[in-house]
């Protein structure tokens, strides 16, 4: 198979479909999403068979249990996909919204209309449910999508793709609006990210290695975050109860998510009173603490944190702890070692709270809230295609708006430039 | 000189300055802008000397008269630079604006704060006044700037750079916040556009060749437009007076600008009545018309338009004219041959006006207005760094907002994820 020729064909079809899907009515898009949900529900047996094939191959190829778990399409996960499609159908359509329409001194009226980006390329690893999640958000925002899942999930993804096609076709929309790449050849990824004539933006979802490779080689904009090294800073004027609750929640609510706290920073004046309380709660939960020198003077039985710890995303019940002389040191630490994802200050102090959210250069900055809130659903976006830690185009949780652009709309009455 | 090492040093300084400039107060930034204006006013003699050196070299090197004209820093152009600085100082500061702050079901409050992008790289050709224009917009939006002007303007640009440094220094801001590259080695451009660790976005300003090269090789986002192939479509329900006025203005108000109409599309039912009127006006103004077959049946004395004409930006008193069977053909023509810049329909018909602005995939779409309105000042942005025909990050005229990003701000009261 000539991968380049195949991907160009996929790209051409996507570009052509993108023109139609950009102008599809809200009703048609919603109808397609609901028809996809129905098709998935009717295809449970086929999905299970395809998935079993992937799982067998995976076991034969020695995939580890975490990978096999992500690969599995359980009935509950199919339910979640179906539910997700219904939720996206229920979201407001961003396409065509006109904002800020106002009259100018010349007499013309100027506003901005939200429009789709065009073609979105999604590159992901083992989880087949991403196929539906990503396709539904791109469709609702009027984009055509090219999905390239992991080779280990190829049969599951193709079975899901059949249901997506059925949904599109039932709603009278072009089936090429969502294409799942049929080859497992890795060269397909290289082609996908270097076709700016066919693909407008790439969203990679998966491990850091994948995202680094894609970002380095892509010829189009990549919406991504590499790490989630999130901090909670407990300020000297923190309410102790809020501090303990938030710091505990930010670490222990879920360990494997990108918005989980990985480093706790504690202001020196309150370290001795607050750290023993927190350490006891973490100990009961089985969280390993790694501390700076000053921390280990208070918590004498914990391991030391190395320089590497400050820039490590553990994704595990491990937490590095550092005592800082003041908020300025905390901010400098976050901007140096953090990943510009999400950072929170716990304080009752107005001025320091205000300074923190201004000076910390992250996609989400918080006062007295758990970093775990950094999420498209919690922010009211309805859903998210990912979280961006970059500053170009979209930042923070990226929902339907992040998958659109705007164009200027000008209304005149025969107006000419003087 | 080791160009790579020099550019890395420039990049490092810019990155460091960007942190300070991002947090500079509105008052300090405005003070710097006004101090720059004063420094320029006091340096008129030095500017004239430096500019004369560039002009002499230019004449010796055989630059054409258009190039020499762009290179010249007349007293009037210095006045315009000074006036521009005062205007940018008077614009509202976009940095720190918090939008859309609202409560979520969890009780947290979520909004978005506007923040600078970081470091903006500007690559431009002969006009030294761009140095001040670009630097002032980047400074006001809290970004550090690296400016790389054409080698033929090196003395003028360095003389302007001295005034910019004075202004920054007088306002207590880091001088490295605006750096004008000191080497004329072309390799400096190659370095500037491939340093994502130091430069966040590139804005090229100049000819199509420059912009194509920069876009092809850049490793960071480029805010740009290549062509301005703008259309006016006169619909069958156009008011004839508005149609004639707008079509005339869109072509003849200025020939060399990117928002000038290059192709006129006329709906078949009104072609015979409207084209002779318009042709006479264009003839009096010295505009050469090039028509499709059908046009030449009505305007028998004009030259034929070739296929190339439909995708040519004349930047001259030349206009291609095509008669289309209906609006659908006009839209298809615009989306195929246009440059996604600015396109206008002249009509009194509600439904076709609505369809046109939705279906035409351009950064500005208009009803009954001259394409010449596509401009940052006319849209109320106060100023513009350029016009983007891409869909990522910024589209249409790019003002201060386009030089910023947003971060999410979350206010809680000890809120934790349940």
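A few notes on this one:
- For the pair the range A:290-331 / the range A:54-110, the C-alpha centres are spaced 36 Å from each other.
- For the A-to-B rotation axis, chain A residue with nearest beta carbon and its distance in angstrom: A:393, 2
- Estimated translational diffusion coefficient (Stokes-Einstein, Kirkwood radius over Cα pairs, 20 °C, 1.002 mPa s) of the range A:188-270: 139 µm² per second.
- Scaled against the 2.2 N^0.38 Å expected of a compact globular protein of N residues, the Cα radius of gyration of the range B:21-74 reads 1.62.
- Cα coordinate range in the range A:76-164, projected on the principal axes (Å, largest first): 60, 23, 18
- Across the identical copies, how the residue B:162 labels are spaced - nm, sorted shortest first, 7 Å along Cα→Cβ: 7.7
- Across the identical copies, how the residue A:401 labels are spaced - nm, sorted shortest first, 7 Å along Cα→Cβ: 1.1
- Of every Cα-Cα pair in chain A, the percent that sits beyond 29 Å: 52
- Contact order, relative form, for chain B: 18 percent (alpha carbon pairs under 8 Å, 6 or more residues apart, mean separation divided by residue count).
- Distances between copies at residue A:197, taken between label points 7 Å from Cα along the C-beta direction, are 3.5 nm in increasing order.
- Both radii come from the Cα set of the range B:127-203: Rg as radius of gyration, Rh as Kirkwood radius; their ratio Rg/Rh reads 0.94.
- The range A:288-378: proportion of alpha-carbon pairs further apart than 15 angstrom, %: 64
- Percent of beta bridges antiparallel (DSSP, the protein assembly as shown, rounded to nearest 5): 25
- For the pair the range B:134-169 and the range A:116-188, the centres of their Cα atoms are 47 angstrom apart.
- In the range A:55-205, the C-alpha radius of gyration followed by the widest Cα-Cα span (Dmax) gives 18.6, 71 angstrom.
- In units of the rule-of-thumb radius 2.2 N^0.38 Å, the protein assembly as shown shows an alpha carbon radius of gyration of 1.01.
- Computed [θ] at 222 nm, helices only, for the protein assembly as shown once each DSSP H run of length n ≥ 4 contributes -39500 (n - 2.57): -13500 deg cm²/dmol
- Put in order of Cβ neighbour count within 10 Å, fewest first, the listed residues A:297, B:230 become A:297, B:230.
- Degrees, to the nearest 10: A:268-285 long Cα axis against longest axis of chain A: 60
- Kirkwood-type hydrodynamic radius, the range B:329-418: 15.4 Å, calculated from all non-identical alpha-carbon pairs.
- P(r) weight above 23 Å for the range A:230-373, C-alpha pairs, percent: 22
- Using alpha carbons only: equivalent-ellipsoid semi-axes of the range A:7-115, gyration tensor based, whole Å: 42, 18, 15
- Relative contact order (%) - criterion: Cα under 8 Å, at least six apart; region: the range B:313-369: 36
- From least to most packed, judged by other beta carbons within 10 angstrom and beginning with the fewest, B:163, A:138 follow the order B:163, A:138.
- DSSP beta bridge pairing in chain B, given as percent antiparallel to the nearest 5: 30
- Kirkwood Rh, Cα atoms: Rg over Rh of the range B:290-342: 0.96
- Inter-chain shielding of B:393-404 (mean C-beta neighbours from other protein chains, 10 Å cut-off): 2
- Arranged from fewest to most other beta-carbon atoms within 10 Å of their beta carbon, B:326, B:237, B:45 become B:45, B:326, B:237.
- Short-range pairs are left out: with C-alpha atoms under 8 Å and at least six residues apart, the relative contact order of the range B:230-378 is 33 percent.
Throughout, read-outs are computed from the coordinates displayed, never taken from laboratory work. Just so you know, these numbers come straight off a predicted model, no measurement behind them. Note that each Cβ is placed from the backbone with ideal geometry, even for glycine, and that neighbours are counted across all protein chains shown.
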